[in-house]
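Novice: To start, I am sharing the structure in question, which I have written as structure tokens.
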Amino acid sequence: MKAAPFDFVRATALSDVFAAFERHGDDARIVAGGQSLMPMMNMRLAAPRVLVDINHIAELNGVSETDGTLRIGALTRHQELGVNALVAEHAPLLTMASTHIAHPAIRNRGTFGGSLSHADPAAELPACAIASDAVINAVSSSRGERSIKAVDFFLGTFHTALEPDEILVSVDIPIIGAAERVAFDELARRQGDYALVGLAAKGTIEGKTFKDLRLVFFSVADRPILATETIATLEGKDYSPDTVTVAEAALEVDLQDIDSDLHTSAATKTHLARVLVGRVLAELAGEGRQ
Ligand SMILES: Cc1cc2nc3c(=O)[nH]c(=O)nc-3n(C[C@H](O)[C@H](O)[C@H](O)COP(=O)(O)OP(=O)(O)OC[C@H]3O[C@@H](n4cnc5c(N)ncnc54)[C@H](O)[C@@H]3O)c2cc1C
């Protein structure tokens with residue numbers, strides 16, 4: 001199937017985007033990498049009358065570090081997240097996750113801002129944003145810029161805290177501390193497929209002791225799940241097989257409302273989440289891949 005007819009606006013400044021929103025209202029839709037929107041249009045699951053191409057807005061590009069924060073422009077491609085030296089040094093969770101996203105052709109076009117705005121519950125980057133305690137910056141013409149904590153940004157399947165007249169412009173990530181570690185893993189049928197279940201993690205590790213963990217599961221519900229019960233259980237505990245068993249038990253609480261989907265039952269997802277938590281805790285503790 002092919003997309004319904006649409007008009008196309010090439011924006012070269014944010015003001016062009018706002019002008020298109022003003023002129024066309026809900027009929028206008030931003031296109032960034034097009035790797036989610038175009039398939040949805042081709043399947044007639046979306047039919048915007050006007051596409052607003054943001055690829056030529058220079059200020060949406062770039063990765064920079066200031067005062068302990070890494071700022072990543074909305075147009076940063078998944079491929080760039082995987083190879084950028086500043087990202088590797090200061091936000092290595094994104095480097096790790098990027099290679100799990102789809103295939104090179106999609107990673108060459110898909111953008112960080114697009115992935116977060118699209119809010120697919122099975123996507124890697126929304127979970128990484130929450131695990132990294134990221135802040136998402138959005139701009140509208142009438143209200144200016146505002147910042148939204150990643151943990152408050154994802155409201156449901158394809159549903160975020162962005163208002164219809166806002167554009168996501170950048171993401172701020174606190175740079176990783178000396179005692180902090182990150183780990184990422186997912187289980188998929190094949191490399192490049194969306195995960196059946198995935199886990200993005202960050203925390204402070206003193207010796208083998210876990211502190212301030214952030215464990216975020218994806219592809220288990222309508223949005224990424226910060227596993228608060230499991231995190232509380234692990235606070236101040238040393239890594240050991242017994243600790244992993246306790247964490248697996250706590251997961252039952254965090255994942256009690258998870259959904260079955262077309263491919264995987266909730267029971268299987270819970271089992272896979274237990275497998276992932278064991279692997280990821282071992283990796284955080286420096287025990288290598290289990
Ligand atoms: C075959 C295939 C496999 C894939 N596998 C995976 C996978 O394993 N994991 C994964 O995470 N993703 C996967 N994807 C999706 C891919 O990563 C997309 O690139 C990404 O989800 C959306 O980014 P985009 O830049 O392409 O956004 P687009 O498709 O351009 O836009 C997506 C949505 O976000 C909105 N939007 C985009 N940018 C902004 C912005 N700056 N401000 C406000 N709204 C904006 C658009 O209006 C649209 O509603 C796959 C895609 C395909 C086609």
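Novice: Normalised by the residues of the chain, what does the relative contact order come to in percent, with Cα pairs under 8 Å and at least six apart?
Specialist: Value for the chain: 14 percent.
Novice: Oh, and also: To the nearest 10 degrees, how steep is helix 241-254 against the longest Cα principal axis of the chain, on a 0 to 90 scale?
Specialist: 40
Novice: Efficiency by 1/(1 + (r/R0)^6): what FRET value for residue 158 and residue 256, r their Cβ-Cβ distance, R0 = 22 Å, to the nearest 0.05?
Specialist: On the way: r = 24 Å, r/R0 = 1.08.
That pair, residue 158 with residue 256, gives E of 0.40.
Novice: Counting other beta carbons within 10 Å of each residue's own, what order do 38, 1 fall into, fewest first?
Specialist: Placing the least packed residue first, the sequence is 1, 38.
Novice: What value does the chain have for Rg/Rh, both radii from Cα atoms and Rh as Kirkwood defines it? Mind dumping the intermediate values first?
Specialist: Values: Rg = 19.2 Å, Rh = 19.6 Å.
Rounded to two decimals, Rg/Rh equals 0.98.
Novice: Oh, and also: Pop out the ³J(HN,Hα) list for the stretch 257-272 in order, Karplus 6.51 cos²θ - 1.76 cosθ + 1.60 with θ = phi - 60°, rounded to Hz; leave Gly and Pro as x.
Specialist: 9, 6, 9, 6, 10, 4, 9, 9, 6, 4, 5, 5, 4, 4, 4, 5
Novice: I need the per residue convex hull volume for the stretch 180-284, using only the alpha carbons, in cubic angstrom as a whole number.
Specialist: Dividing the Cα hull volume of the stretch 180-284 by its residues yields 88 Å³.
Novice: Using a 7 Å offset from Cα along Cα-Cβ at residue 246, what residues in the stretch 172-213 end up with backbone N under 11 Å from the label point?
Specialist: 210
Novice: Place a label point 7 angstrom from the Cα of residue 27 along the Cα-to-Cβ direction, then list the residues of the stretch 49-74 whose backbone nitrogen is under 15 Å away.
Specialist: 49-52
Novice: Run the numbers for residue 88 and residue 133: contour at 0.36 nm per residue of separation, minus the present Cα-Cα distance, in nm.
Specialist: On the way: separation 45, 0.36 × 45 = 16.20 nm, distance 1.66 nm.
Between residue 88 and residue 133, full extension yields an extra 14.5 nm.
Novice: Starting from the Cα of residue 1, step 7 Å toward the Cβ, then list every residue of the stretch 44-64 with an amide N under 18 Å from that point.
Specialist: Correct set: 44-50.
Novice: Using the scaling law 2.2 N^0.38 Å as the reference, what is the normalised Cα Rg of the stretch 7-53?
Specialist: In units of the globular-protein estimate, the stretch 7-53 measures up at 1.10.
Read-outs: derived from the displayed coordinates by stated rules, not from any lab. Worth saying up front: this structure is predicted, and the values here are computed from it rather than measured. Cβ coordinates were reconstructed from backbone atoms using ideal geometry, including for glycine residues, and neighbour counts include every protein chain displayed.
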